[in-house]
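Below is one structure, written out as C-alpha cells, with a few remarks after it.
We did not get these values from a lab; they are worked out from the coordinates using the rules stated. Since the structure is predicted, the reported quantities are computational estimates derived from the model, not experimental observations. FYI the Cβ positions are ideal-geometry reconstructions off the backbone, even for glycines, and counts take in every protein chain you see.
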Amino acid sequence: MKALILTHGTRGDCQPFVDLANSLSGAGHKVVLGAPRNSARSVADQSIDVVEFDDLVEDMLRDPIVRAGMALNFRGIRGKRGGLRFSRKLKELAPIMLKDMHMAAKFGGDVVIHHGALPGQEIAEQLGVPAARTCLAPFLVPNSSVPRPSVQIRLPKILNRASYLPGRLTQFALERIKSIRSRGFGNFESGNGSRHTMPCRDKSGNVVIHAFSEKILPPEARYPSWVHTTGFWYPKVESQWRPSSELESFLSAGDAPVYIGFGSMVGDPRRSHEIIHAAVQKANVRAIISTGWGGITRSDSSDQVFYIGETSFQWLFPRVKAVVHHGGCGTASPALYAGQPQVICPFIHDQHFFARQMHMLRVAPEPLPQRNLDATTLARRIRQVVEDRTFATRAEEVAQLIQPEDGIGSTISLLEQLTGN
C-alpha cells in the first residue's frame, strides 16, 4: 500500500500524522507525507517521501492582532478584530497551501489520509482512490451526545446536534475558499466543488477517522459505521529523544516539577510569562515551562523554574507531577498516557472540548479559559491537582484504560482494508 498523508497547522495538529507516517513505513508500506516544514523535519524514517509545505500557520500566528484575538477567543472588539485578520490571512494563504498539496499529490497513492480541515478528498478524487478524513476532535459529524468541540457552555442534550450547524456553515465557506477545483489544480470529473464537504462513506470508500480514544467521549455517544474512533495516534515505541544535561540535573535536583506550556498558541507573551511566573511562586512548586512558538517570554532558569523549547512529551510527562496546558490534542493525549493530572487553559476551538472532557473524566478541575487567566486562579488550580490526590489517582486509572489501545495500529488495519492491501 502507498499512503499519501496530508496535514497542516500547528505542531500539535501535525505530529499525530508524522507518527502515523513513521509507523506505516515501519509496517512495510510506502508513505508520502506532506506537512509544514518544521513538522516534516521530525520524520524519523528516511524511506518516507517528504514534501515540505510552507509553515503558513506559524507565520500567521506571528501577527500581533491575530495573537491578541486568539487570547480572547475572538471575543469583544479586539477579539473580533483578530478573528477578521485571521480569516483574511487564511484566504490569502489558501492558494499556497493548495499548491503545496497538489505537489504532494504528484507522488500518487492508494489512499489519502488528510487532516479534516483540508480538502484532501478532492486529491483522492483526482487520484481515484479512497480518502480517510481525520479529526483530532469530533468536530465533523454531528452527535446528540457530544456538542461541537468549540462550544464553551453546557447545552441541553437536545441542542447538541444543532450546535454543529454554525461550524458546518463556516467550514463549508472556508472549504469553498480552499477548493482545489476553484484554484485550477488537478483534473476532476465533476465540477461542483462540494463533494469534499460531505463527511460520509460513499462509493469511493471514503471514511472519517476519529484519532482519539472513545474513552474521552460520553458512554452513550454513537457514530455511523463509516466513522472509526481508533484511539489516539500515540506511538508505541519508546521515544529516542534525549534531554540536555541541564534538564536532567533540574529534574533530579528536587521534587517532581509541574509542566506548563501552551504549545503553538500565542497571546501576549509577556503577560503569559508574568502570570505563570507569579502562579508558580504562589503555588510553591517547581516548574518546567515550555516557551512554545513564542507564546511565553523566556527568562533565566533557576532552582525553581526551568525553561525549555521543543521536547518529547512521551519522555518528559512521566517525570512530572502535573501538566498545565492549552488543551490541544497533542498535549492532552500524552498527559493521559502518562497518567498525569491536568490544568487546562484553552484559547480556541477544540481546546475547549479537551478541557471539558478532561474535567468530565475527573483528571482536571474546571477549565480556566485564557481570557480569564490570572496568577491567583492559576496557582489555585495547580495546588488543587498537586495536593488533592483524587486527581492523580483518577489520572492513573484513565491511563490504564487507554494505554492498551493502539490507535495507530487500528488505523493501519483500517487503511489496509480500504485499499485491499
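Were the residues from residue 360 through residue 242 laid out at 0.36 nm apart, the gain over their Cα-Cα distance would be 39.1 nm.
Extension gain, residue 37 to residue 226: 0.36 nm times the residue separation minus the Cα-Cα distance gives 64.9 nm. Label positions at residue 372 and residue 153, each projected 7 Å from the Cα along the C-beta direction, are separated by 1.3 nm.
If you add up the charges near residue 367, with Lys and Arg at +1 and Asp and Glu at -1, over every other residue whose beta carbon is less than 12 angstrom from its beta carbon, what do you get?
+3
Across every direction, the projection of the convex hull enclosing the Cα atoms of the range 320-421 has a mean area of 7.4 nm². Basic side chains Lys and Arg get +1 at the Cβ, acidic Asp and Glu get -1 at the Cβ, and with that the dipole of the range 245-402 about its Cα centre reaches some 380 debye. Using the Stokes-Einstein relation with a Kirkwood hydrodynamic radius computed over Cα pairs, the translational diffusion coefficient of the range 99-150 at 37 °C and a viscosity of 0.692 mPa s comes to 269 µm²/s. Rounded, prolate or oblate, given the Cα gyration tensor of the range 29-130, with a/c below 1.5 counting as rounded? Verdict is prolate for the range 29-130. Each principal axis of the Cα atoms in the range 79-172 has its own extent, and those three values, largest first, are 47, 33, 18 angstrom. When all alpha-carbon pairs of the range 245-402 are counted, what percent fall beyond 19 Å? Considering the range 245-402, 48 percent of its Cα-Cα pairs are separated by more than 19 Å. Principal-axis analysis of the Cα atoms of the chain puts helix 11-26 at an angle of about 60° to the longest axis.
Protection proxy ranking, highest mean first, for peptides 216-222, 271-277: 271-277, 216-222, where packing is the per-residue count of other beta-carbon atoms within 10 Å, averaged.
Couplings for the range 346-351, taken from phi via the Karplus curve 6.51 cos²θ - 1.76 cosθ + 1.60 with θ = phi - 60°, read x, 9, 9, 6, 5, 4 Hz in order; Gly and Pro are left as x.
With charges only on Cβ, +1 for K and R and -1 for D and E, what is the dipole size of the chain about its Cα centre, in debye, rounded to 20?
About 1600 debye.
In terms of distances greater than 22 angstrom between alpha carbons, the cross-link table entries 30/236; 2/215; 30/106; 2/106; 30/91; 2/89 yield 2/215; 30/91; 2/89. Peptides 32-42, 328-338, 364-374 ranked from most to least packed by the mean count of surrounding Cβ atoms within 10 Å: 328-338, 32-42, 364-374.
At q = 0.20, 0.21 Å⁻¹ the log10 of I(q)/I(0) for the range 264-350 amounts to -1.03, -1.14, computed by Debye summation with a single uniform scatterer per C-alpha, solvent ignored. The chain: percent of C-alpha pairs farther apart than 27 Å? Across the chain, Cα pairs with separations above 27 Å total 50 percent.
Computed extension length for residue 403-residue 387: 3.3 nm, one decimal, from 0.36 nm per residue of separation with the Cα-Cα distance subtracted.
The residues 244, 213, when put in order of fewest to most other Cβ atoms within 10 Å, stand as 244, 213. Tell me the angle of helix 389-402 to the major Cα principal axis of the chain, expressed in degrees between 0 and 90 and rounded to the nearest ten. For helix 389-402, the angle is close to 20 degrees.
Among 348-357, 381-390, the peptide with the highest mean count of other Cβ atoms within 10 Å heads the list, and the full ranking is 348-357, 381-390. Seen against the Cα atoms of the chain and their longest principal axis, helix 269-283 is set at about 50 degrees.
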